[in-house]
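Take a look at the structure set out below.
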Amino acid sequence: MKQTSVSDCYEIKLPRLYNPAGSITAINNLQEIPFATKRVYYLYDIPGGESRGGHAHKSLQQLIVAASGSFTISLSDGKDKRVFQLSQPYNGLYVPPGLWRELDHFSSGAICLVLASTTYSEDDYIRDYQTFIDYKSS
Ligand code: TYD
């Protein structure tokens, strides 16, 4: 999806079942989020000062959640940029395809939970920024 812009990302307030003994947030396929989930992965044990991402996807849709702690996601469509701070496990960020992303400022013990619309495919990645810019303008 070459034509997407950063205005196509949005935060999704996920349901929170509050319980004094511990809260629950559930994400059901196509109910709380606009795609069917084919993969779940999570980043953890992230050393202080580390950054992740540094790539774009051609077709992958994602919902990114700070399941624990906090971090920053910077998104670019080659023209405009948006920066989101995620810090609540009931707040997800919908990321459409075609956006360059960088994740950084991870708090200690942060867990970045990602629901993904496809299984892993290296062919879906654009890992070079100039290739991304060329892709967006082609
Ligand atoms: P990558 O998506 O580049 O990580 P990040 O954006 O968090 O910095 O993936 C890092 C490595 O992990 C890469 O070699 C591919 C592998 N990987 C999988 O095998 N399966 C997956 O689902 C993901 C997300 C990554």
Looking at (1) modelled with pLDDT of 95 or more; (2) away from the ligand (no atom under 16 Å from the Cβ), find the lone condition where Lys2 falls short.
(1)
Would you pick out the residues in segment 71-80 that are crowded, with 20+ Cβ neighbours inside 10 Å and outside any strand (DSSP E or B)?
Asp77
Kindly check whether there is at least one residue in segment 87-107 that is surrounded by fewer than 17 Cβ atoms within 10 Å (Cβ to Cβ), touching a residue at least 24 places away in the same chain (Cβ under 8 Å), within 25 Å of Tyr129 (Cα to Cα) and of a type in the set (Phe, Trp, Tyr).
no
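Given the options Ala26, Ala56, Ala36, Ala21, name the one that is in a strand (DSSP E or B) and either closer than 29 Å to Tyr135 by Cβ or of a type in the set (A, V, I, L, M, F, W, C) (or both).
Values: Ala26 fails: in a strand (DSSP E or B); Ala36 fails: in a strand (DSSP E or B); Ala21 fails: in a strand (DSSP E or B).
Among Ala26, Ala56, Ala36, Ala21, only Ala56 is in a strand (DSSP E or B) and either closer than 29 Å to Tyr135 by Cβ or of a type in the set (A, V, I, L, M, F, W, C) (or both).
Looking at segment 89-105, which of its residues are within 14 Å of Tyr42 (Cα to Cα) and within 11 Å of the ligand (Cβ to nearest atom)? Even if it seems obvious, please write down each step before you answer.
So the first thing to find is which residues in segment 89-105 are within 14 Å of Tyr42 (Cα to Cα), and the list is 89, 92, 103.
Scanning segment 89-105 gives a single hit, Leu103.
Residues are listed down the side, and each one gets a yes or a no for (1) exposed (fewer than 11 other Cβ atoms within 10 Å of the Cβ); (2) within 10 Å of the ligand (Cβ to nearest atom):
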site	(1), (2)
Leu17	yes, no
Ala21	yes, no
Thr25	no, no
Leu30	yes, no
Phe35	no, no
Lys38	no, no
Tyr41	no, yes
Pro47	yes, no
Leu60	no, yes
Ser74 passes all but one of (1) within 20 Å of Val6 (Cα to Cα); (2) within 10 Å of the ligand (Cβ to nearest atom); which number fails?
(2)
Condition test on Ala116, is it in contact (Cβ under 8 Å) with a residue 60 or more places away in the chain and within 12 Å of the ligand (Cβ to nearest atom)?
yes
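Mind checking which strands (runs of 3 or more DSSP E) fall wholly inside segment 88-138 and carry at least 2 residues that are under 11 Å from the mean Cα position of the chain (by Cα) and closer than 11 Å to Gln61 by Cα? Please lay out each step first, then the result.
Numbers: elements: 91-95, 100-104, 111-116.
Filter on segment 88-138 gives 91-95, 111-116.
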Mind checking which pairs have a first residue in segment 61-78 that is on the phi > 0 side of the Ramachandran plot and a second that is modelled with pLDDT of 95 or more and among the β-branched types (Val, Ile, Thr), Cβ under 7 Å, 6 or more apart or different chains?
Gly69/Ile111; Gly78/Ile133
Of (1) surrounded by fewer than 17 Cβ atoms within 10 Å (Cβ to Cβ); (2) at pLDDT 95 or above; (3) closer than 26 Å to Tyr129 by Cα, Ser68 satisfies all except one. Which?
(3)
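The values are calculated or read from the model by the stated rules, or taken from the named source; none is laboratory data. As the structure is a computational prediction, the values presented were derived from the model and not from experiment. With ideal geometry, Cβ positions are generated from the backbone for all residues, glycine too; neighbour counts draw on all protein chains shown.
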